[in-house]
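For reference, the structure discussed in these notes is given below.
The values are calculated or read from the model by the stated rules, or taken from the named source; none is laboratory data. All of these numbers come straight from a predicted model, not from anything done at the bench. When we count neighbours, we look across all protein chains shown, and the Cβ atoms used for this are built from the backbone with ideal geometry, even at glycine. Calculation scope for accessible area: heavy atoms of the full protein, side chains included, ligands and nucleic acids excluded. Shrake-Rupley method; radii C 1.70, N 1.55, O 1.52, S 1.80 Å.
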2 protein chains.
Amino acid sequence: MIKRRKNSVPPPPPDCPLRKCMELLSGAWTPDIIWYLRDGERRFNELQTDLPGVSAKMLTTRLKRLERLGVILRSPKPTSPPTVWYGLTPLGLELVGALSVVVDIGHRLKQSHEGSFETRL
Amino acid sequence: MIKRRKNSVPPPPPDCPLRKCMELLSGAWTPDIIWYLRDGERRFNELQTDLPGVSAKMLTTRLKRLERLGVILRSPKPTSPPTVWYGLTPLGLELVGALSVVVDIGHRLKQSHEGSFETRL
DNA sequence: CAATCAGGTTACCATCTGGTAAGCATTCAC
DNA sequence: GTGAATGCTTACCAGATGGTAACCTGATTG
């Protein structure tokens, strides 16, 4: 019997530019990782402390995905113990541009609202 | 016995501007809704056809949330049957600015990759 | 009165997400 | 050889997400 996949049609427009690019930024910690790479390469452990609360599992998962999507570049160095540096590709740098607009708005939100607001429904 | 909430600490920095603004854009269909309101008010049913595949439930949920967050404005008109128009607030317009950068990148992705790429891990 | 339209709401449930905890491989210093 | 550091991987599972289907209210039209 064929297993019916029920939740498989959320995004009907498969080539929508908005959706296509937003997917690069989707998932917990994804924008944070890109943002923390904006000034140059970082190592795995550096990112772990840059992003307090991220688990090694998530970090690995996100870094792999971002590498596969062409957003970041993974370069292991033959030090000992071996270290791995992650840096942005040109595409990654473009995303930093988008994120900086987002960060700008975030700053202004902080000033105007100041009191936290609930974002959950 | 106190019920332990296990998944409650993803974002330790509660006032991070990046996170704060990205939350406004989070959730399925959220960027799409904001994007389709960029040229002026739309009605509930118009949005439903703008976004093929969205369910009435999701649309209601998102519109309510975006209204509560100050991104959109809901204005029911006393026509018959009554219609409801949704439009962007100044904050919503700022988000359109961010999204247009995203859309730009999406366009360039389409041109360079052309073949679809998988965004799932 | 029944049907229709606008704009929802609700119940139910499959799937996805991301957390914790543990383990693993390599290399070097003691 | 034992332990620490670096960079992962795996199993397990709670809770969040978002889909479908059905229902609702109030006004208008026939």
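Laid out as a table, the results:
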item: For the range A:17-113, size of Cβ-based charge dipole, Lys and Arg +1, Asp and Glu -1, in debye; result: 280 debye
item: Total formal charge among the other residues, if their Cβ is under 9 angstrom from that of A:P17, Lys/Arg +1 and Asp/Glu -1; result: +2
item: Percent accessible area from carbon and sulfur atoms, the range B:30-113, protein chains only, probe 1.4 Å; result: 55 percent
item: Net charge of neighbours whose Cβ lies under 13 Å from the Cβ of B:A28, counting Lys and Arg as +1 and Asp and Glu as -1; result: +2
item: Distances in nm from B:Q111 to the matching label points in the other copies, shortest first (labels 7 Å along Cα to Cβ); result: 3.5
item: Summed buried accessible surface, chains A and B, 1.4 Å probe, nearest 100 Å²; result: 4200 Å²
item: Around A:P82: net Lys/Arg minus Asp/Glu count, Cβ-Cβ under 14 Å; result: +3
item: Pseudo-label separations to other copies for A:L73 - Cα-to-Cβ vector, 7 Å, nm; result: 4.8
item: Alpha-carbon gyration tensor eigenvalues x 5, square-rooted, for the range B:34-116, Å; result: 27, 16, 11
item: Rotational relation B to A, axis-closest Cβ in chain B, residue and distance rounded to whole Å; result: B:V101, 3
item: Inter-copy label distances at B:A56 (7 Å, Cα→Cβ; nm, one decimal); result: 5.1
item: Estimated FRET transfer efficiency (A:D104, B:Q48; beta-carbon r; R0 35 Å; 0.05); result: 0.65
item: Mean accessible surface per residue for the range A:17-113, computed with a 1.4 Å probe while every protein chain stays in place, in Å²; result: 47 Å²
